[in-house]
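Structure first, then comments.
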Amino acid sequence: MARDEPTSHHTGGSISIVGLRKEFEGVTAVDGIDLDIKPGEFFTLLGPSGCGKTTTLRMLAGFEQPTDGKILLDGVDVAQTPAHKRPVNTVFQSYALFPHLDVERNVAYGLRWRKDLDKSTRASRVAKALDLVQLGGYGKRRPHQLSGGQQQRVALARALVLEPAVLLLDEPLGALDAKLRHSLRAELTGLQREIGITFVFVTHDQEEALEMSNRLVVMDGGRIMQLGTPEEVYREPHTEFVADFLGVANLLDVECEPGGGLTRSVRFGEFVLEAQAPSGHEAGPGRAVIRPECVELVEAGLTGANRLPGMIDRTVFLGSTTQVMVRLPQGGLVQSLITNAAGSCSFTIGQPVTVCLPSDALRVLAASPEHHVAYAETA
Ligand code: ATP
């Protein structure tokens, strides 16, 4: 489920990244990024390991100096601003709490640079931050007396106690078990909505990114592959890489017919299908993508637009859905995801069916020669 529009309770928190690059000896970690993040946005950098997302975040934080490019926070170039003077704070995957200090003191540590605050202001800031992360009664506990999720919330409070305009989060749920990750996702987005500050969130987990973000970028090789809302990027991937990274993608080898307009005819073996195509897409061989939940299966023998004959190859019961693999006349397999209302999915192996590939869900992809990822099963 995608997020609503961001609601900022603050005037600050905008980020502009212009031509940002970072080279380590012989490695280009970030290869020219341009990005505008709005105040109050929950913005995610998503991508596989090594794509440059952490390096981007570390440059925002001030822990790493860019090789080239600019970072503007609320319009101010922060190139010369040291990390502790930037209006940003960071939460890491490893919460790194001090084991010998209680929760309150761990949180108060976040205020170590603020020599101007008196004792009572510090105490009230700490109490407010702990309330925000729902640890109001836990101030006197030591970290080992808390669960993993509670420890991560202390780390969050330690970052929030400074009341930053931007919070940077580097895989903050990564160290937690699956169930806790799920419940903390909702907690974190609720918290972000409540305080209204900008969150820049780094993850390699597509589900997490889709569920939590207002907008996201998919990164690879130090570059932005695509930017959009979760729904846009999931439903309208531009490349095979993005289609594959954001969930299961059926890929069909097609031949795009000449023509203009957004809907184009594509040849798929002996069949002609209607598909969405990026404007100006060239005629010729290419690939089209369709998500499994958009592939419909109906009675065998029903012909019509965007319908193909198929044969059930196997089914996998997944609880709320059933994954159905269907063999197409060309020999390849296409996956259909069927929602399991009572008794609704009753296919048998070898059964002939008609496969419908609705034209509004079938998309011709832009060519991306750098990425040759295998996803459609052709066995
Ligand atoms: P992960 O999810 O694994 O942390 P990432 O997308 O955050 O990956 P980065 O940590 O930003 O990726 O790394 C991008 C590239 O830069 C990688 O190839 C990495 O090996 C390299 N890199 C990162 N930090 C350094 C460094 N200090 N010295 C040399 N190379 C580095």
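The values are calculated or read from the model by the stated rules, or taken from the named source; none is laboratory data. This is a predicted model, so every value here is computed, not measured. Glycine gets a Cβ as well: all are built from the backbone with ideal geometry, and neighbour counts include every protein chain shown.
Residue 104 meets the conditions (1) away from the ligand (no atom under 12 Å from the Cβ); (2) within 18 Å of residue 198 (Cβ to Cβ); (3) buried (at least 16 other Cβ atoms within 10 Å of the Cβ) in every case but one. The failed one is (2). Restricted to the stretch 231-300, the set of strands (runs of 3 or more DSSP E) holding at least 1 residues that are within 28 Å of residue 216 (Cα to Cα) comprises 250-256, 263-268, 271-276, 284-290. Considering the stretch 175-204, and only residues there that are more than 15 Å from residue 152 (Cβ to Cβ) and among the charged types (D, E, K, R), the residue that is farthest from the ligand (Cβ to nearest atom) turns out to be 194.
The set of residues in the stretch 35-56 that are closer than 13 Å to residue 199 by Cα and of a type in the set (Val, Ile, Thr) comprises 37, 44. Report yes if residue 344 is of a type in the set (S, T, N, Q), at pLDDT below 90, surrounded by 14 or more Cβ atoms within 10 Å (Cβ to Cβ) and part of a loop (DSSP other than H, G, I, E, B), otherwise no. Judged against the criteria, residue 344 is not a match.
Away from the ligand (no atom under 16 Å from the Cβ), surrounded by 17 or more Cβ atoms within 10 Å (Cβ to Cβ) and of a type in the set (Val, Ile, Thr), is that true of residue 154?
Judged against the criteria, residue 154 is a match.
In the stretch 200-221, is there at least one residue being touching a Cys at 6+ places or on another chain (Cβ under 7 Å) and either assigned to a loop (DSSP other than H, G, I, E, B) or without any contact (Cβ under 8 Å) to a residue 60 or more places away in the chain (or both)? Yes, that holds for at least one residue. Output the residue which, of all residues in the stretch 64-76 that are out of contact with any helix residue (DSSP H, G or I) (no Cβ under 9 Å at 6 or more places or on another chain) and more than 14 Å from the ligand (Cβ to nearest atom), is farthest from residue 14 (Cα to Cα). Selected residue: 68. Here the condition is being part of a loop (DSSP other than H, G, I, E, B), at pLDDT 85 or above and in contact with a Leu (Cβ under 7 Å, 6 or more places away or on another chain); of 191, 168, 173, 184, it holds for 173 alone. For residue 54, the criteria (1) touching a residue at least 60 places away in the same chain (Cβ under 8 Å); (2) among the β-branched types (Val, Ile, Thr); (3) touching an Asp or Glu at 6+ places or on another chain (Cβ under 9 Å); (4) in a strand (DSSP E or B) hold in every case but one, which is (4). For residue 338, state whether it is outside any loop (DSSP other than H, G, I, E, B) and at pLDDT below 95. Yes; evaluated as a whole, the condition is true for this residue.
If you go through the stretch 46-63 and pick out every residue that is crowded, with 16+ Cβ neighbours inside 10 Å and either more than 23 Å from residue 221 (Cα to Cα) or within 8 Å of the ligand (Cβ to nearest atom) (or both), you end up with 9.
For the residues 66, 99, the requirement of being in contact with a Lys or Arg (Cβ under 8 Å, 6 or more places away or on another chain), at pLDDT 95 or above and not aliphatic (A, V, I, L, M) singles out 66. Only a single item in (1) over 20 Å from residue 94 (Cα atoms); (2) in a strand (DSSP E or B); (3) more than 10 Å from the ligand (Cβ to nearest atom) is not met by residue 40, and it is number (2). For the stretch 222-239: of the residues being touching a residue at least 60 places away in the same chain (Cβ under 8 Å), closer than 18 Å to residue 200 by Cβ and not hydrophobic (A, V, I, L, M, F, W, C), which is farthest from the ligand (Cβ to nearest atom)? This residue is 229.
Within the stretch 20-31, residues that are more than 9 Å from the ligand (Cβ to nearest atom) and modelled with pLDDT of 95 or more have Cβ atoms under 6 Å from residues that are in a strand (DSSP E or B) and not hydroxyl-bearing (Ser, Thr, Tyr) in these pairs: 20/30; 20/33; 20/69; 21/30; 21/32; 21/68; 21/69; 31/223, counting only partners at least 6 apart in sequence or on another chain.
Here is the figure for the stretch 134-170: residues that are touching a strand residue (DSSP E or B) at 6+ places or on another chain (Cβ under 6 Å) and not hydrophobic (A, V, I, L, M, F, W, C) total 2.
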